[in-house]
Protein chains: 2
Amino acid sequence: MSEFELIDLIRRMSRGRPDVRLGIGDDASLLYVPPGQELVVSTDTLVEGVHFRVGTKPDDLGWKALAVNLSDLAAMGAVPGWALLALTLPHADSAFVRGFMRGFSTLARQHEVALVGGDTTRGPLAVTITVIGFAPPKRSLLRSGALVGHDLYVSGTLGDAAAALRLDRHKRGRVAARAALRARLDRPEPRVALGLALRDVASAAIDISDGLAADLGHVLRASGVGAHVEAALLPASEALLEAVPDTRARTDLQLTGGDDYELGFTAAPRHAAALATLSRRLHLPLTRIGTIESRRGLRIVDASGRRVALKRAGYEHFKA
Amino acid sequence: MSEFELIDLIRRMSRGRPDVRLGIGDDASLLYVPPGQELVVSTDTLVEGVHFRVGTKPDDLGWKALAVNLSDLAAMGAVPGWALLALTLPHADSAFVRGFMRGFSTLARQHEVALVGGDTTRGPLAVTITVIGFAPPKRSLLRSGALVGHDLYVSGTLGDAAAALRLDRHKRGRVAARAALRARLDRPEPRVALGLALRDVASAAIDISDGLAADLGHVLRASGVGAHVEAALLPASEALLEAVPDTRARTDLQLTGGDDYELGFTAAPRHAAALATLSRRLHLPLTRIGTIESRRGLRIVDASGRRVALKRAGYEHFKA
């Protein structure tokens, strides 16, 4: 299969949007921006052996590569619009590309994202996606808005993806629980609807990709505040409770495991009822896990009030 | 050096623009689009050992990674605005990143491009840049606009970069000529000003990155036309004439070598004088090399009128 046949396959498997004036096939794409909207843009790379296991199903990779990017838009409270796909492949493997595009397009369709351009090159397997979305001016959710006295929330459950990776390595746990955790690792759901709804409620937001502790640290530093977090409040899935019964090990996964793609956000206590309603509407747990304080730093305590020490802050590239 | 120190280094070495509402440092960037403009977006990946030699100077790589992307915007007749940088590195090498950003920023400054986001990851050395520019609605230059009877032009000179690669491999040619060719390989000049000026003149345009023959083929297919090209008219630099005196070998480099980053474009014959004036104003050769014809296909003839046979159409990934 030639490079141009690959590009043609990718084009045939992607959807359009009326605001795409010119899509894949020229030197660049032409896009029509809704008047009065700011652009919200982000880019993320996934490298084989670093961000995903050798042998990851191409369908899952296509889904996840888009999901991790949409998660960044969700954390800003933006509506997704367009994506560009830079795909580096060792071989022109049409079955791989077909699978990749199936996963990519399934998620793209759910969020009405049009693939508007890209590049296919030969090299070690890696994917870089750039996403472009929209938000009304000054309505985006920033990391820097957390206020003292506000509650700290997370969506969904934490630690599932990290547990999947660990259990997979050791082949431990029941099959059903492992499958549930694997689904969370391979097919994260970007919290786009939540991000949009939080525009009216949250004072700050971030997507939890490197681990809760590390990502909360970004919010606290950007906002010039600190936080008190109760480890016992961290939301855990049934599958995680079953697969990792030890509280300490489980808490560590939840705080530092990474790959959750949930949203962490802060909101004034008066919004508690609105958030409970939103949680029901979205069928998504929104759990209060702590409070923003003026004293800098992140303080995490266990059920008996003792400080939880972290083995590492979270996932970071280039760490030994 | 940690991932966050790297990001901080990249941020410090990049410039802003007033239309960047929020730059590097949150989940996504917020950008203000000039009213009434279409967005023009493109993405290109460079992989070590495929698009650039192992041991390429980081300064040159930073320049070139941005240049090849700006060349795509130039071919559309767009004004560059913003770039996102996804950088995959084997190690957190701060000297490398500093060099890369020096090259990147030198070119970014020339074209007033702001770096507005990105991702740094660990893995085999590769760079993906996404560029976003602007053009008034329906004023962009497309591949599909070539008309029968129009003249076919290229900017600058062709074959220099391909010759640099070949001579470098064989260590042939005089030092001065080799240095001139190397500069064309390592520091291509995106023809942004030319692209903007061509909005009023050209009927179609493309950036010549894969080799003239292959890229012209794209224009001809998209426009549903053919072309007659005279090989003797192909513009050659002094350095190329000196380094590759054999006409046939030189013509082959010019037609299929790739990495030129010049613009190929078509224009009505009545624009010949305007193009001569433009060439003088930009200090850039604009050379008529042939004519658009109704009969499909690309016909290249040498000085004696014989058809030139190509060894290969041009650079293509995944070809054996």
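Read-outs: derived from the displayed coordinates by stated rules, not from any lab. Predicted model, so just to flag it, every value in this text is computed and none were measured. When we count neighbours, we look across all protein chains shown, and the Cβ atoms used for this are built from the backbone with ideal geometry, even at glycine.
The Kirkwood radius of the stretch A:84-160, taken over pairs of alpha-carbon atoms, gives through the Stokes-Einstein law at 10 °C and 1.306 mPa s a diffusion coefficient of 98 µm² s⁻¹.
Taken along its principal axes, the alpha carbon cloud of the stretch B:194-253 reaches lengths of 36, 25, 19 Å, longest axis first. Taking Lys and Arg as +1 and Asp and Glu as -1, the other residues whose beta-carbon sits under 15 Å from that of residue B:30 total +1.
Considering only B:133, B:152, B:183, and ranking their Cα positions along the charge dipole of the stretch B:128-184 that arises from unit charges at the beta-carbon of Lys, Arg, Asp and Glu, the one farthest toward the positive end is B:183. Between this copy and the others, label points of residue B:268 are 6.3 nm apart in ascending order, each placed 7 angstrom from Cα in the Cβ direction. Placing R0 at 41 angstrom, the Cβ-Cβ distance between residue B:282 and residue A:110 gives a FRET efficiency of 0.30 after rounding to 0.05.
In nanometers and ordered shortest first, the copy-to-copy spacing of the residue B:238 label point, defined 7 Å from Cα toward Cβ, is 8.0.
When DSSP beta bridges are restricted to pairs lying wholly in the stretch B:41-145, around 65% turn out antiparallel.
Averaged over peptide A:73-82, the number of partner chain Cβ atoms lying within 10 Å of each residue's Cβ comes to 2. Between B:110, B:254, B:37, where does the largest GNM mean-square fluctuation fall for chain B, given springs only between Cα atoms within less than 10 Å? Of B:110, B:254, B:37, the Gaussian network model singles out B:110 as fluctuating most. Relative intensity of the stretch B:49-180 on a log10 scale, I(q)/I(0) at q = 0.09, 0.15, 0.19, 0.23 Å⁻¹, equals -0.36, -0.90, -1.18, -1.35, per a Debye sum over C-alpha point scatterers of equal strength in the absence of solvent. Both radii come from the Cα set of the stretch B:47-95: Rg as radius of gyration, Rh as Kirkwood radius; their ratio Rg/Rh reads 1.02.
DSSP bridge analysis restricted to chain A gives an antiparallel fraction near 75%, rounded to the nearest 5.
Highest GNM mean-square fluctuation among A:26, A:160, A:207, for chain A modelled with Cα contacts below 10 Å: A:26.
Between the alpha-carbon centres of the stretch B:198-246 and the stretch B:263-282 there is a gap of 14 Å. With both residues required to sit in the protein assembly as shown, DSSP beta bridges show an antiparallel share near 75%.
Lysine pairs in the protein assembly as shown whose alpha-carbon atoms fall under 21 angstrom of each other, counting only those eight or more residues apart or on distinct chains, come to 4. Using only alpha carbons, the stretch B:119-266 has a radius of gyration to Kirkwood radius ratio (Rg to Rh) of 1.01. Taking the Cα centroid of the stretch B:23-85 and of the stretch B:95-159, what is the distance between the two, rounded to the nearest whole Å? Between the Cα centres of the stretch B:23-85 and the stretch B:95-159 lies a distance of 5 Å.
Distance between the 7 Å Cα→Cβ label points at residue B:248 and residue A:241: 7.9 nm. Calculated from the alpha-carbon coordinates, the stretch A:224-309 shows an Rg and a Dmax of 14.0, 38 Å respectively.
Per-residue ellipticity at 222 nm from helix content only, as computed over the protein assembly as shown with -39500 (n - 2.57) for each DSSP H run of at least four residues, stands at -11000 deg cm²/dmol. Neighbours of residue B:137 by Cβ distance under 14 Å: Lys/Arg scored +1, Asp/Glu scored -1, total +2.
Which of B:285, B:18, B:58 moves most in a GNM of chain B, Cα contacts under 10 Å? Comparing B:285, B:18, B:58 in the GNM, the peak value goes to B:18.
Residues of the stretch B:71-106 with an amide N closer than 16 Å to a point placed 7 Å from the Cα of residue B:57 along the Cα-to-Cβ direction: B:95-106. Using C-alpha pairs below 8 Å separated by at least 6 residues, the relative contact order for chain B is 22 percent.
Only alpha carbons enter this Debye calculation for the protein assembly as shown, each as an equal point scatterer, and the log10 of I(q)/I(0) it gives at q = 0.06, 0.09 Å⁻¹ is -0.35, -0.74. Taking every C-alpha pair closer than 8 Å and separated by at least 6 residues, the mean separation divided by the residue count of the stretch B:22-130 gives a relative contact order of 41 percent.
For residue B:139, the label point sits 7 Å beyond Cα toward Cβ; its separations from the matching points on the remaining copies run 3.0 nm, from shortest to longest. For chain A, how big is the tail of P(r) above 33 Å, as a whole percent of Cα pairs? Pairs farther apart than 33 Å: 27 percent. With N the number of residues in the stretch B:1-127, Rg(Cα) / (2.2 N^0.38 Å) evaluates to 1.03.
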